[in-house]
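In what follows, a structure is listed as structure tokens, so that the remarks can point back to it.
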Amino acid sequence: MIWKEMEDYVRIFDTTLRDGEQCPGAAMSEDEKVEIAGHLARMKVDIIEAGFPVSSPVQFKAVERIAREIEGPTICGLARALRPDLEAARDALKPAKSKRIHTFIASSPIHMKHKLGKSPSEVLEMARIAVRMAKDFVPDVEFSPEDATRSEWEFLRELVEAVIEEGATTINIPDTVGYTTPQEYMDLFRFLKTKVKGADKVIFSAHCHNDLGLAVANSLATVLAGGRQIECTINGIGERAGNTAMEEVVMALKTRKDTFGVETKIDSTLITRGSHLVKTITGMVVQPNKAIVGANAFAHESGIHQDGVIKNRQTYEIMTPESVGLKSNRMVLGRHSGRAGFKDRIIRMGFDPKPEEIDNAYNRFLEIADKKKEVFDEDIAALFQSEISRSQVDETYKLISFEQNTGSDKAPYAKVNLQSKGETKVGEAKGDGPVDSIFKAISSVTGLSPLLSRLVISPVTEGTDAMAEASVTLEDGERRVVGKGDSTDIIEACAKAYINALNRL
């Protein structure tokens, strides 16, 4: 099957590593970007927008590594309509077997006047030059008129026509500020596809932001208008209210093929794994009622719903948990579960475990099972992902035990026992709160006191005995690292995350 030649085929352009990373607090390390890119390739994403090469040496190197190491998808780099940007994208993408340069320039009156200080004619000429230059570098060029949905339609038509003449192969029409509505967006796509000369030679793409909660609806509307590429991110992460959520678009097209009449080549059984991977790396919490990947997406509590599902799952489930990579809803393991059963569950959840990872994760599982009434798939995924993360970092410091003392009339106090190079070292400190005191106690042992720029604590499942995940972002000069930790004890989860981050430093 030649996907690219099929009219009923929608390409999935994933920008988790570029637009998604621009979300405050979601910065990823080079290794983390490569790890996510590898999973996107396994999901059979068509295009991975790996980053914005000119923006920093770290961005450039990450795009270059992804271009070299990831096979399957087209690897894309973003560039403004400027020579240095385009040259940086060209150089970073050199190792890729299939590559694309995505160049853009603002096209709305408010952006051209207040951001660019350019006239429409100047913007038109800059777009022509940029696409012509990009086309000299790579055969696959995508062009975006930024803030397209607030642009004047006739100017947009002229601009799109011009860049098609210069060799653009994909025309992306971004709803940069999440302003449009499904009907307006559909009308705009139909206008461009019928009025632009050469429109039949290119793919039209949608890139939506979620400021009004319409990103997915708007993206799907363009499919009905002939759009054949959707730009999206895992979990919908992105600037402000986020981007179109890839998992929602993919499952909507799959579940409602009767309405849309198209398909993607995404392996949807890897959706849940990808969601958890991005959540773990970025520390961006997924709300429990989030469509497709939220903890409650396949949960049934109402007696009426439970009765219906038992009799026939389709009474209240329009898609199966298995279709997105879950074995079922709320599968429970307990303290009496054996290693074989635990390993089977891990494999069924889509992980490819190494023997040592299984051993370490199983020992953690037994600790949690002794503390919790029920251990859910979400708990298992969290602890196993945590073990994978820890195995990728040299453990200079390891938490052995800790003590915490706090109250309404006393300063919080913490004492920690850390293992380092075979020795046990003790640290203690007072702080402004329980978490602050334990961080200071850890720092008293390590001698490291980087800037703590972000701390996120989120429950993995529901209940007072829920396992907590902590994400700590530390900055030391130009370096920025994210540490992860989990435990049924919130303070312990924070301590583990802080130590994991220090080990990365």
Open item on the list: Looking at the structure I just gave you, is ILE281 closer than 29 Å to ALA470 by Cβ and open to solvent by less than 50 Å² (accessible area, probe 1.4 Å)?
Closed with: yes
Open item on the list: Can you report the number of residues in region 22-55 which are acidic (Asp, Glu), in contact (Cβ under 8 Å) with a residue 40 or more places away in the chain and open to solvent by 10 Å² or more (accessible area, probe 1.4 Å)?
Closed with: 4
- [ ] With respect to THR176, determine if the residue is closer than 20 Å to THR15 by Cβ, open to solvent by 40 Å² or more (accessible area, probe 1.4 Å) and either basic (Lys, Arg) or in contact (Cβ under 8 Å) with a residue 12 or more places away in the chain (or both).
- [x] no
Open item on the list: For region 33-67, give me the residue count where each residue is touching a Leu at 6+ places or on another chain (Cβ under 9 Å) and at negative phi.
Closed with: 20
Task: Members of region 323-356 found to be modelled with pLDDT under 75, part of a loop (DSSP other than H, G, I, E, B) and either among the charged types (D, E, K, R) or open to solvent by 40 Å² or more (accessible area, probe 1.4 Å) (or both), listed by number - done: LYS327, ASN329, ARG330, MET331, ARG335, HIS336
Task: Candidate set: region 56-86, residues that are modelled with pLDDT under 95 and more than 15 Å from ASP31 (Cβ to Cβ); chosen: the one most open to solvent (accessible area, probe 1.4 Å) - done: PRO57
Open item on the list: Can you pull out every residue in region 141-156 that is outside any helix (DSSP H, G or I) and either open to solvent by 30 Å² or more (accessible area, probe 1.4 Å) or without any contact (Cβ under 8 Å) to a residue 24 or more places away in the chain (or both)?
Closed with: GLU146, GLU152
TODO: Considering every residue within region 426-437, establish whether at least one is in contact with a Ser or Thr (Cβ under 7 Å, 6 or more places away or on another chain), within 22 Å of ALA27 (Cβ to Cβ), open to solvent by 10 Å² or more (accessible area, probe 1.4 Å) and touching a residue at least 40 places away in the same chain (Cβ under 8 Å).
DONE: no
Task: Search result, residues across region 217-233 that are open to solvent by 10 Å² or more (accessible area, probe 1.4 Å) and farther than 21 Å from THR194 by Cβ - done: ALA217
Open item on the list: Given the options ILE237, ILE203, name the one that is of a type outside the set (D, E, K, R), under 20 Å from the mean Cα position of the chain (by Cα) and either within 23 Å of THR103 (Cα to Cα) or modelled with pLDDT under 95 (or both).
Closed with: ILE237
Task: Cross-chain or 6+ apart pairs with Cβ under 6 Å, region 445-459 first and within 15 Å of ALA27 (Cβ to Cβ) and open to solvent by less than 30 Å² (accessible area, probe 1.4 Å), then assigned to a strand (DSSP E or B) and of a type in the set (S, T, N, Q) - done: VAL456/SER471
- [ ] State which residue is modelled with the highest pLDDT when the search covers only region 383-413 and only residues that are of a type in the set (D, E, K, R) and either surrounded by 18 or more Cβ atoms within 10 Å (Cβ to Cβ) or assigned to a loop (DSSP other than H, G, I, E, B) (or both).
- [x] ASP409
TODO: Specify which of the listed residues (SER471, SER487) is at pLDDT 85 or above, under 30 Å from SER56 (Cα atoms) and open to solvent by less than 10 Å² (accessible area, probe 1.4 Å).
DONE: SER471
Open item on the list: So the check is Cβ under 6 Å with 6+ separation or different chains; which pairs have a first residue in region 108-128 that's within 15 Å of GLU161 (Cβ to Cβ) and a second one that's charged (D, E, K, R)?
Closed with: ARG128/GLU166
Open item on the list: Return the pair list, or none, for Cβ contacts closer than 7 Å from residues in region 200-218 that are under 13 Å from VAL160 (Cβ atoms) to residues that are open to solvent by less than 10 Å² (accessible area, probe 1.4 Å) and hydroxyl-bearing (Ser, Thr, Tyr), at least 6 apart or on different chains.
Closed with: VAL202/THR170; ILE203/THR170; SER205/THR170
Task: Hey, GLY72 at positive phi and not acidic (Asp, Glu) or not - done: yes
TODO: Can you confirm whether region 431-447 contains a residue that is small (Gly, Ala, Ser) and part of a strand (DSSP E or B)?
DONE: no
Open item on the list: Here is a check on your reading of the model: is ALA79 touching a residue at least 40 places away in the same chain (Cβ under 8 Å) and in a strand (DSSP E or B)?
Closed with: yes
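The values are calculated or read from the model by the stated rules, or taken from the named source; none is laboratory data. Just so it is clear, the model here is predicted, and its values are computed rather than measured. Note that we place each Cβ from the backbone using ideal geometry, even for glycine, and neighbour counts take in every protein chain shown. Quick note on the areas: whole protein, heavy atoms, side chains included, nothing else; ligands and nucleic acids left out. Shrake-Rupley method; radii C 1.70, N 1.55, O 1.52, S 1.80 Å.
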